[in-house]
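One structure is given below, encoded as C-alpha coordinates.
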Amino acid sequence: MNSPITPRLPGIRFVHSPGPTHVPDEVMHAMQRPMTDLADPRVAALISACESGMRALLNSPKSDIFFYASNGHGVWEAASSNLGSDQHTLLIAGSGHFSDQWAIQTEGLGLSVLRTPHTEGQRINVDAIESALKSDTEHKIAAVMVVHTDTASGITSDLLAIRQAIDRAQHPAIYVVDVVASLAATSFDMDALGVDVCLGSSQKGLMMPPGLGFVAVNDKAFNWSHQHAKHRFYWSWFERKTPVQSAKFCGTPPLAHLAGLETSLRLLQDEGLHAVYARHQRLGGAVRAAVNAWSTEGAVRLHCQDPEGFSNSVTAVEVSQGIDPEALRTVAREKFQVAMAGGLGSLTGRAFRIGHLGDMNEPMILGALAGIEAAMRVQKIPYGDQGLTAAIAYLAEHTP
Ligand SMILES: *Cc1c(COP(=O)(O)O)cnc(C)c1O
(Lines give C-alpha, C1' and ligand atoms only; values in the text may rest on other atoms or scores of the structure.)
Protein backbone atom coordinates (compact mmCIF):
# COMPACT_ATOMS: atom_id res chain seq x y z
CA MET A 1 0.00 0.00 0.00
CA ASN A 2 1.21 3.51 -0.76
CA SER A 3 1.76 5.58 2.32
CA PRO A 4 0.09 9.01 2.10
CA ILE A 5 3.14 10.46 3.85
CA THR A 6 5.76 11.81 1.49
CA PRO A 7 9.29 10.65 2.43
CA ARG A 8 11.73 13.23 3.70
CA LEU A 9 12.43 15.88 1.11
CA PRO A 10 15.34 18.32 1.17
CA GLY A 11 14.89 21.83 2.50
CA ILE A 12 12.66 23.34 5.13
CA ARG A 13 9.06 22.23 5.59
CA PHE A 14 6.97 25.29 6.38
CA VAL A 15 4.67 25.14 9.40
CA HIS A 16 1.82 27.59 8.96
CA SER A 17 -0.68 26.17 11.36
CA PRO A 18 -1.56 28.61 14.17
CA GLY A 19 0.09 26.19 16.58
CA PRO A 20 2.26 24.24 16.71
CA THR A 21 4.46 26.89 15.14
CA HIS A 22 8.04 26.90 13.94
CA VAL A 23 10.51 26.47 16.84
CA PRO A 24 13.78 28.44 16.61
CA ASP A 25 17.02 26.49 16.91
CA GLU A 26 17.99 28.43 20.05
CA VAL A 27 14.89 27.11 21.81
CA MET A 28 15.43 23.53 20.60
CA HIS A 29 19.01 23.62 21.82
CA ALA A 30 18.01 25.05 25.20
CA MET A 31 15.59 22.18 25.67
CA GLN A 32 18.43 19.70 25.30
CA ARG A 33 20.12 20.89 28.44
CA PRO A 34 20.96 18.06 30.86
CA MET A 35 18.53 17.10 33.60
CA THR A 36 19.44 17.83 37.20
CA ASP A 37 18.05 16.81 40.57
CA LEU A 38 15.30 19.09 41.79
CA ALA A 39 17.32 20.48 44.70
CA ASP A 40 19.92 21.83 42.27
CA PRO A 41 19.79 25.63 42.61
CA ARG A 42 19.71 25.82 38.79
CA VAL A 43 16.15 24.51 38.92
CA ALA A 44 14.93 27.26 41.24
CA ALA A 45 16.78 29.86 39.17
CA LEU A 46 15.24 28.54 35.95
CA ILE A 47 11.72 28.67 37.36
CA SER A 48 12.30 32.21 38.70
CA ALA A 49 13.60 33.33 35.31
CA CYS A 50 10.49 31.93 33.58
CA GLU A 51 8.18 33.59 36.09
CA SER A 52 9.81 36.98 35.80
CA GLY A 53 10.01 36.65 32.02
CA MET A 54 6.29 35.92 31.84
CA ARG A 55 5.49 38.88 34.10
CA ALA A 56 7.52 41.13 31.80
CA LEU A 57 5.81 39.75 28.68
CA LEU A 58 2.36 40.25 30.24
CA ASN A 59 3.32 43.61 31.71
CA SER A 60 2.01 42.49 35.07
CA PRO A 61 4.81 42.75 37.62
CA LYS A 62 2.83 41.39 40.56
CA SER A 63 0.71 38.56 39.16
CA ASP A 64 1.34 34.99 40.28
CA ILE A 65 2.46 32.79 37.40
CA PHE A 66 1.42 29.14 37.58
CA PHE A 67 2.98 26.75 35.06
CA TYR A 68 1.49 23.39 34.16
CA ALA A 69 2.86 20.52 32.08
CA SER A 70 -0.19 20.76 29.84
CA ASN A 71 -1.59 22.09 26.60
CA GLY A 72 -4.10 24.92 26.26
CA HIS A 73 -7.04 22.71 27.19
CA GLY A 74 -5.29 22.01 30.47
CA VAL A 75 -5.02 25.66 31.40
CA TRP A 76 -8.66 26.18 30.38
CA GLU A 77 -9.45 23.63 33.06
CA ALA A 78 -7.06 25.34 35.47
CA ALA A 79 -8.98 28.60 35.09
CA SER A 80 -12.45 27.07 35.21
CA SER A 81 -11.74 24.79 38.16
CA ASN A 82 -10.13 27.55 40.22
CA LEU A 83 -13.04 29.91 39.56
CA GLY A 84 -15.91 27.45 39.65
CA SER A 85 -18.30 27.18 42.57
CA ASP A 86 -21.69 25.54 43.03
CA GLN A 87 -23.15 28.92 43.97
CA HIS A 88 -21.83 30.76 40.92
CA THR A 89 -21.88 30.81 37.12
CA LEU A 90 -19.05 31.37 34.65
CA LEU A 91 -19.91 33.61 31.71
CA ILE A 92 -18.07 32.47 28.58
CA ALA A 93 -18.30 35.08 25.82
CA GLY A 94 -19.17 33.59 22.44
CA SER A 95 -16.31 34.08 19.98
CA GLY A 96 -16.51 30.88 17.90
CA HIS A 97 -15.19 27.36 18.11
CA PHE A 98 -12.73 27.99 20.92
CA SER A 99 -15.22 29.63 23.27
CA ASP A 100 -17.63 26.76 22.50
CA GLN A 101 -15.00 24.19 23.45
CA TRP A 102 -14.05 26.03 26.63
CA ALA A 103 -17.73 26.15 27.60
CA ILE A 104 -18.23 22.43 26.89
CA GLN A 105 -15.15 21.57 28.94
CA THR A 106 -16.26 23.78 31.83
CA GLU A 107 -19.74 22.25 31.83
CA GLY A 108 -18.00 18.87 31.88
CA LEU A 109 -16.59 19.83 35.28
CA GLY A 110 -20.16 20.11 36.53
CA LEU A 111 -20.05 23.91 36.58
CA SER A 112 -22.78 26.27 35.49
CA VAL A 113 -21.94 28.23 32.33
CA LEU A 114 -23.68 31.17 30.70
CA ARG A 115 -22.78 31.76 27.05
CA THR A 116 -23.34 34.99 25.16
CA PRO A 117 -24.37 34.75 21.50
CA HIS A 118 -21.90 35.17 18.68
CA THR A 119 -22.23 36.12 15.01
CA GLU A 120 -19.96 34.36 12.54
CA GLY A 121 -17.26 36.57 11.05
CA GLN A 122 -17.60 39.18 13.82
CA ARG A 123 -15.81 40.06 17.04
CA ILE A 124 -17.23 39.25 20.47
CA ASN A 125 -20.59 40.90 21.15
CA VAL A 126 -19.70 43.28 23.97
CA ASP A 127 -23.26 44.53 24.48
CA ALA A 128 -24.42 40.97 25.18
CA ILE A 129 -21.83 40.69 27.96
CA GLU A 130 -22.87 44.02 29.43
CA SER A 131 -26.57 43.18 29.49
CA ALA A 132 -25.93 39.72 30.98
CA LEU A 133 -23.95 41.37 33.77
CA LYS A 134 -26.57 44.09 34.31
CA SER A 135 -29.33 41.52 34.71
CA ASP A 136 -27.21 39.59 37.20
CA THR A 137 -28.20 41.74 40.17
CA GLU A 138 -27.31 39.03 42.69
CA HIS A 139 -23.78 38.73 41.28
CA LYS A 140 -24.01 35.02 40.57
CA ILE A 141 -21.59 35.44 37.69
CA ALA A 142 -18.14 34.83 39.13
CA ALA A 143 -16.12 35.47 36.00
CA VAL A 144 -16.29 36.78 32.45
CA MET A 145 -14.15 34.48 30.32
CA VAL A 146 -13.02 35.62 26.90
CA VAL A 147 -10.90 34.22 24.07
CA HIS A 148 -8.72 37.10 22.79
CA THR A 149 -8.05 35.61 19.35
CA ASP A 150 -10.45 32.86 18.38
CA THR A 151 -8.08 30.72 16.36
CA ALA A 152 -10.84 29.09 14.33
CA SER A 153 -12.16 32.36 12.91
CA GLY A 154 -8.91 34.34 12.96
CA ILE A 155 -10.70 37.17 14.76
CA THR A 156 -9.24 39.21 17.62
CA SER A 157 -11.66 40.91 19.98
CA ASP A 158 -11.38 44.23 21.82
CA LEU A 159 -10.31 43.45 25.38
CA LEU A 160 -10.51 47.03 26.59
CA ALA A 161 -14.10 47.36 25.37
CA ILE A 162 -15.02 44.26 27.38
CA ARG A 163 -13.30 45.63 30.50
CA GLN A 164 -15.29 48.85 30.08
CA ALA A 165 -18.53 46.89 29.71
CA ILE A 166 -17.84 45.06 32.99
CA ASP A 167 -17.15 48.42 34.65
CA ARG A 168 -20.30 50.02 33.21
CA ALA A 169 -22.34 47.16 34.62
CA GLN A 170 -20.60 47.79 37.98
CA HIS A 171 -20.15 44.06 38.27
CA PRO A 172 -17.41 42.46 40.41
CA ALA A 173 -16.82 39.55 37.99
CA ILE A 174 -13.26 38.36 37.53
CA TYR A 175 -12.01 39.07 34.01
CA VAL A 176 -10.32 36.02 32.46
CA VAL A 177 -8.66 36.07 29.04
CA ASP A 178 -7.39 33.18 26.91
CA VAL A 179 -4.31 34.58 25.17
CA VAL A 180 -3.21 31.19 23.80
CA ALA A 181 -3.25 32.36 20.17
CA SER A 182 -2.57 36.08 20.62
CA LEU A 183 0.28 36.20 23.12
CA ALA A 184 3.55 37.48 21.67
CA ALA A 185 1.75 38.38 18.44
CA THR A 186 -0.71 41.08 19.57
CA SER A 187 0.02 43.58 22.30
CA PHE A 188 -1.41 42.50 25.65
CA ASP A 189 -0.86 44.48 28.85
CA MET A 190 -2.62 42.47 31.51
CA ASP A 191 -2.76 45.14 34.22
CA ALA A 192 -3.51 48.09 31.94
CA LEU A 193 -6.41 46.13 30.42
CA GLY A 194 -7.79 45.31 33.87
CA VAL A 195 -7.49 41.58 33.24
CA ASP A 196 -7.46 39.47 36.43
CA VAL A 197 -6.49 36.09 34.98
CA CYS A 198 -4.89 35.16 31.67
CA LEU A 199 -3.80 31.83 30.31
CA GLY A 200 -1.72 30.52 27.45
CA SER A 201 0.34 27.64 26.15
CA SER A 202 3.75 27.15 24.66
CA GLN A 203 3.24 26.10 21.04
CA LYS A 204 1.94 29.30 19.47
CA GLY A 205 3.49 32.76 19.80
CA LEU A 206 5.91 31.47 22.41
CA MET A 207 7.68 29.50 19.66
CA MET A 208 8.01 26.25 21.58
CA PRO A 209 6.89 22.65 21.22
CA PRO A 210 3.48 21.91 22.77
CA GLY A 211 3.37 20.83 26.39
CA LEU A 212 3.73 23.84 28.69
CA GLY A 213 0.79 25.93 29.87
CA PHE A 214 0.61 28.92 32.18
CA VAL A 215 -1.98 30.92 34.08
CA ALA A 216 -1.28 34.42 35.42
CA VAL A 217 -3.45 35.38 38.38
CA ASN A 218 -3.75 38.66 40.25
CA ASP A 219 -4.58 39.01 43.96
CA LYS A 220 -8.28 39.65 43.39
CA ALA A 221 -8.71 36.38 41.48
CA PHE A 222 -6.45 34.38 43.78
CA ASN A 223 -8.34 35.48 46.88
CA TRP A 224 -11.74 34.91 45.32
CA SER A 225 -10.67 31.42 44.29
CA HIS A 226 -9.32 30.55 47.72
CA GLN A 227 -12.55 31.67 49.33
CA HIS A 228 -15.17 30.28 46.94
CA ALA A 229 -13.90 27.68 44.47
CA LYS A 230 -14.96 24.04 44.54
CA HIS A 231 -12.54 21.27 45.50
CA ARG A 232 -9.65 20.85 43.14
CA PHE A 233 -6.10 19.73 43.65
CA TYR A 234 -3.75 19.26 40.70
CA TRP A 235 -4.80 22.57 39.11
CA SER A 236 -5.17 24.45 42.40
CA TRP A 237 -3.50 27.86 42.54
CA PHE A 238 -3.59 27.69 46.31
CA GLU A 239 -1.72 24.34 46.40
CA ARG A 240 0.85 25.66 43.98
CA LYS A 241 1.53 28.95 45.75
CA THR A 242 4.67 28.07 47.67
CA PRO A 243 8.08 29.69 47.97
CA VAL A 244 9.71 26.31 47.22
CA GLN A 245 10.23 26.68 43.48
CA SER A 246 10.30 22.99 42.55
CA ALA A 247 7.18 22.31 44.67
CA LYS A 248 5.10 24.59 42.43
CA PHE A 249 4.32 21.84 39.95
CA CYS A 250 2.44 19.30 42.05
CA GLY A 251 5.23 16.90 41.09
CA THR A 252 8.25 17.07 38.83
CA PRO A 253 8.61 20.32 36.87
CA PRO A 254 8.82 20.02 33.05
CA LEU A 255 12.47 21.10 33.05
CA ALA A 256 13.14 20.89 29.32
CA HIS A 257 10.11 23.03 28.52
CA LEU A 258 11.04 25.58 31.15
CA ALA A 259 14.53 25.82 29.65
CA GLY A 260 12.94 26.39 26.24
CA LEU A 261 10.63 29.05 27.64
CA GLU A 262 13.46 30.91 29.34
CA THR A 263 15.13 31.14 25.94
CA SER A 264 12.03 32.05 23.94
CA LEU A 265 11.19 34.83 26.41
CA ARG A 266 14.73 36.15 26.01
CA LEU A 267 14.45 36.06 22.21
CA LEU A 268 11.24 38.09 22.40
CA GLN A 269 12.78 40.68 24.73
CA ASP A 270 15.91 40.90 22.57
CA GLU A 271 13.79 41.68 19.52
CA GLY A 272 11.69 44.11 21.59
CA LEU A 273 8.00 43.50 22.21
CA HIS A 274 6.87 46.43 20.08
CA ALA A 275 8.93 45.09 17.19
CA VAL A 276 7.46 41.62 17.74
CA TYR A 277 3.89 42.94 17.55
CA ALA A 278 4.68 45.16 14.55
CA ARG A 279 6.25 42.19 12.73
CA HIS A 280 3.14 40.08 13.30
CA GLN A 281 0.90 42.90 12.16
CA ARG A 282 2.98 43.29 9.00
CA LEU A 283 3.02 39.58 8.17
CA GLY A 284 -0.72 39.30 8.80
CA GLY A 285 -1.30 42.28 6.52
CA ALA A 286 0.70 40.62 3.75
CA VAL A 287 -1.34 37.42 4.04
CA ARG A 288 -4.63 39.34 3.90
CA ALA A 289 -3.40 41.33 0.90
CA ALA A 290 -2.74 38.04 -0.91
CA VAL A 291 -6.09 36.53 0.08
CA ASN A 292 -7.96 39.64 -1.07
CA ALA A 293 -6.19 39.46 -4.43
CA TRP A 294 -6.97 35.73 -4.72
CA SER A 295 -10.61 36.43 -3.91
CA THR A 296 -11.30 38.34 -7.15
CA GLU A 297 -12.24 35.05 -8.87
CA GLY A 298 -14.89 34.38 -6.24
CA ALA A 299 -13.71 31.00 -4.92
CA VAL A 300 -11.86 32.04 -1.76
CA ARG A 301 -12.23 35.01 0.60
CA LEU A 302 -11.35 36.37 4.04
CA HIS A 303 -13.64 35.01 6.73
CA CYS A 304 -13.34 38.01 9.06
CA GLN A 305 -15.93 40.66 8.17
CA ASP A 306 -14.60 43.35 10.49
CA PRO A 307 -11.20 44.87 9.70
CA GLU A 308 -10.87 45.86 13.38
CA GLY A 309 -10.87 42.16 14.18
CA PHE A 310 -8.11 41.04 11.80
CA SER A 311 -5.76 38.76 13.69
CA ASN A 312 -2.00 39.16 13.81
CA SER A 313 -1.71 35.39 14.31
CA VAL A 314 -3.92 33.55 11.87
CA THR A 315 -6.07 34.20 8.81
CA ALA A 316 -9.12 32.05 8.09
CA VAL A 317 -9.87 31.75 4.36
CA GLU A 318 -13.38 30.69 3.43
CA VAL A 319 -13.90 28.65 0.27
CA SER A 320 -16.98 28.41 -1.96
CA GLN A 321 -19.15 25.33 -2.04
CA GLY A 322 -17.67 22.55 -4.12
CA ILE A 323 -14.09 23.33 -3.08
CA ASP A 324 -12.48 20.86 -0.69
CA PRO A 325 -10.12 22.71 1.65
CA GLU A 326 -8.84 19.44 3.11
CA ALA A 327 -7.66 18.24 -0.30
CA LEU A 328 -6.00 21.62 -0.80
CA ARG A 329 -4.21 21.26 2.53
CA THR A 330 -2.94 17.82 1.59
CA VAL A 331 -1.55 19.04 -1.73
CA ALA A 332 0.01 22.11 -0.06
CA ARG A 333 1.65 19.94 2.60
CA GLU A 334 2.74 16.94 0.56
CA LYS A 335 3.60 18.59 -2.78
CA PHE A 336 4.70 22.06 -1.73
CA GLN A 337 5.93 21.58 1.86
CA VAL A 338 3.49 24.12 3.32
CA ALA A 339 1.45 22.91 6.29
CA MET A 340 -1.75 24.89 6.94
CA ALA A 341 -4.66 24.35 9.28
CA GLY A 342 -8.20 23.37 8.37
CA GLY A 343 -11.62 24.72 9.32
CA LEU A 344 -12.94 23.98 12.81
CA GLY A 345 -16.44 23.90 14.27
CA SER A 346 -18.94 25.58 11.94
CA LEU A 347 -16.11 26.25 9.49
CA THR A 348 -15.22 22.56 9.07
CA GLY A 349 -14.96 21.83 5.35
CA ARG A 350 -15.60 25.52 4.57
CA ALA A 351 -12.22 27.09 5.27
CA PHE A 352 -8.49 26.73 5.54
CA ARG A 353 -6.31 28.75 7.86
CA ILE A 354 -2.89 30.28 7.41
CA GLY A 355 -0.90 30.72 10.61
CA HIS A 356 1.51 33.65 10.65
CA LEU A 357 2.70 33.75 14.23
CA GLY A 358 5.82 32.93 16.15
CA ASP A 359 9.28 32.55 14.67
CA MET A 360 8.27 33.93 11.29
CA ASN A 361 9.65 36.39 8.75
CA GLU A 362 8.90 37.86 5.32
CA PRO A 363 10.46 35.19 3.07
CA MET A 364 8.74 32.46 5.09
CA ILE A 365 5.39 34.16 4.53
CA LEU A 366 6.03 34.75 0.83
CA GLY A 367 7.17 31.14 0.44
CA ALA A 368 4.05 29.88 2.19
CA LEU A 369 1.74 32.05 0.08
CA ALA A 370 3.49 30.86 -3.08
CA GLY A 371 3.14 27.22 -2.01
CA ILE A 372 -0.56 27.69 -1.26
CA GLU A 373 -1.07 29.39 -4.61
CA ALA A 374 0.65 26.50 -6.36
CA ALA A 375 -1.60 24.06 -4.51
CA MET A 376 -4.69 26.05 -5.57
CA ARG A 377 -3.49 25.81 -9.16
CA VAL A 378 -3.02 22.02 -8.89
CA GLN A 379 -6.53 21.78 -7.43
CA LYS A 380 -7.92 23.98 -10.21
CA ILE A 381 -9.33 26.44 -7.70
CA PRO A 382 -9.88 29.75 -9.49
CA TYR A 383 -7.92 32.59 -7.87
CA GLY A 384 -6.83 36.08 -8.80
CA ASP A 385 -3.20 35.84 -9.88
CA GLN A 386 -2.01 39.03 -8.17
CA GLY A 387 -1.78 37.48 -4.68
CA LEU A 388 1.99 37.33 -4.37
CA THR A 389 2.38 40.73 -5.98
CA ALA A 390 -0.06 42.21 -3.47
CA ALA A 391 1.76 40.58 -0.53
CA ILE A 392 5.14 41.83 -1.77
CA ALA A 393 3.74 45.33 -2.27
CA TYR A 394 2.27 45.29 1.24
CA LEU A 395 5.59 44.23 2.76
CA ALA A 396 7.52 46.79 0.74
CA GLU A 397 5.17 49.57 1.89
CA HIS A 398 5.24 48.50 5.53
CA THR A 399 8.90 47.73 5.98
CA PRO A 400 10.13 49.19 9.29
C1 LIG B 1 -4.81 26.39 20.50
C2 LIG B 1 -5.77 27.08 21.36
C3 LIG B 1 -6.30 26.50 22.54
C4 LIG B 1 -6.08 25.07 22.89
O5 LIG B 1 -4.75 24.77 23.02
P6 LIG B 1 -4.26 23.24 22.97
O7 LIG B 1 -2.83 23.39 23.32
O8 LIG B 1 -4.49 22.78 21.57
O9 LIG B 1 -5.03 22.47 23.97
C10 LIG B 1 -7.12 27.26 23.33
N11 LIG B 1 -7.43 28.52 23.01
C12 LIG B 1 -6.97 29.11 21.88
C13 LIG B 1 -7.35 30.51 21.59
C14 LIG B 1 -6.14 28.40 21.04
O15 LIG B 1 -5.69 28.98 19.91
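The values are calculated or read from the model by the stated rules, or taken from the named source; none is laboratory data. These numbers were taken from a predicted model, which means no experiment stands behind them. Neighbour counts run over all protein chains shown; Cβ positions are idealised from the backbone, glycine included. The accessibility values were calculated without ligands, DNA or RNA, using every heavy atom of the protein model including side chains. Shrake-Rupley method; radii C 1.70, N 1.55, O 1.52, S 1.80 Å.
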Item to check | Summed residue charge, Cβ within 13 Å of W102's Cβ, Lys/Arg positive, Asp/Glu negative | outcome: -4
Item to check | ³J(HN,Hα), Karplus 6.51/-1.76/1.60, whole Hz, each residue of region 179-188, x for Gly, Pro | outcome: 10, 3, 8, 9, 4, 6, 10, 10, 4, 8
Checklist entry - Between I141 and residues 5 or more places away or on another chain, which pairs have amide H atoms under 5 Å apart, with H built 1.01 Å from N, and which residues are they? => result T89
Checklist outcome for this item: Relative to the chain, whose Cα atoms define the longest principal axis, helix 255-271 and its Cα axis are tilted in degrees, nearest 10, by 70
Item to check | Percent carbon-and-sulfur accessible area, the chain, ignoring ligands, DNA and RNA, probe 1.4 Å | outcome: 54
Checklist entry - Rounded to two decimals, what is Rg over Rh for region 273-398 when you use alpha-carbon atoms and the Kirkwood radius? => result 0.94
Next on the checklist: Using only the heavy atoms of the protein chains and a 1.4 Å probe, how would R333, R282 rank by accessible area, largest first?
Outcome noted: R333, R282
Next on the checklist: Can you return the aspartates and glutamates within cross-link range of K204? Criterion is Cα-Cα under 19 Å, with same-chain partners fewer than 8 residues away left out.
Outcome noted: D25, E26, E51, E77, D150, D178, D189, E262, D270, E271, D359, E362
Checklist outcome for this item: Computed over the chain, the distribution of all Cα-Cα distances in 10 Å bins, rounded to whole %, is 5, 23, 31, 25, 13, 3, 0
Checklist entry - For region 1-159, what is the accessible area per residue in Å², given a 1.4 Å probe and the full set of protein chains? => result 46
Checklist entry - Which length gain, in nm to one decimal place, applies between L160 and K230 when the Cα-Cα distance is subtracted from 0.36 nm times their residue separation? => result 22.3 nm
Item to check | region 363-400 and region 203-268: distance between their alpha carbon centers, rounded to Å | outcome: 39
Checklist outcome for this item: Answer in debye to the nearest 20: the dipole magnitude of region 1-139 about its Cα centre, from +1 Lys/Arg and -1 Asp/Glu charges placed on Cβ, is 560
Next on the checklist: On C-alpha positions alone, give me the angle between the axis of helix 362-378 and the longest principal axis of the chain, in degrees, nearest 10.
Outcome noted: 60
Checklist entry - Taking amide H positions as placed 1.01 Å from N in the peptide plane, with prolines and chain starts having none, which residues 5 or more places from G94, or on another chain, fall under 5 Å of its amide H? => result T116
Checklist entry - If you place +1 on the Cβ of every Lys and Arg, -1 on the Cβ of every Asp and Glu, and leave all else neutral, what size is the dipole of the chain about its Cα centre, to the nearest 20 Debye? => result 540
Item to check | ³J(HN,Hα) computed for each position of region 65-73 - Karplus, 6.51 cos²θ - 1.76 cosθ + 1.60, integer Hz, glycine/proline x | outcome: 10, 10, 9, 10, 7, 7, 8, x, 4
Item to check | Accessible area per residue in Å² at 1.4 Å probe, computed on region 273-398 | outcome: 40
Checklist entry - Farthest toward the dipole's positive end in the chain, which of I166, A56, L268, given Cβ charges of +1 (Lys, Arg) and -1 (Asp, Glu) about the Cα centre? => result L268
Next on the checklist: Could you put F14, F233 in order of accessible surface area, largest first, with the 1.4 Å probe and the full protein assembly present?
Outcome noted: F233, F14
Item to check | Local electrostatic count at L267 - Lys and Arg +1, Asp and Glu -1, tallied over other residues with Cβ under 9 Å | outcome: -3
Next on the checklist: I'd like to compare 19-28, 209-218: which one has the highest average count of other Cβ atoms within 10 Å, and what's the full order after that?
Outcome noted: 209-218, 19-28
Checklist entry - In terms of modelled amide H atoms, which long-range or inter-chain residues lie less than 5 Å from the amide H of V177? => result V146, V197, C198, L199
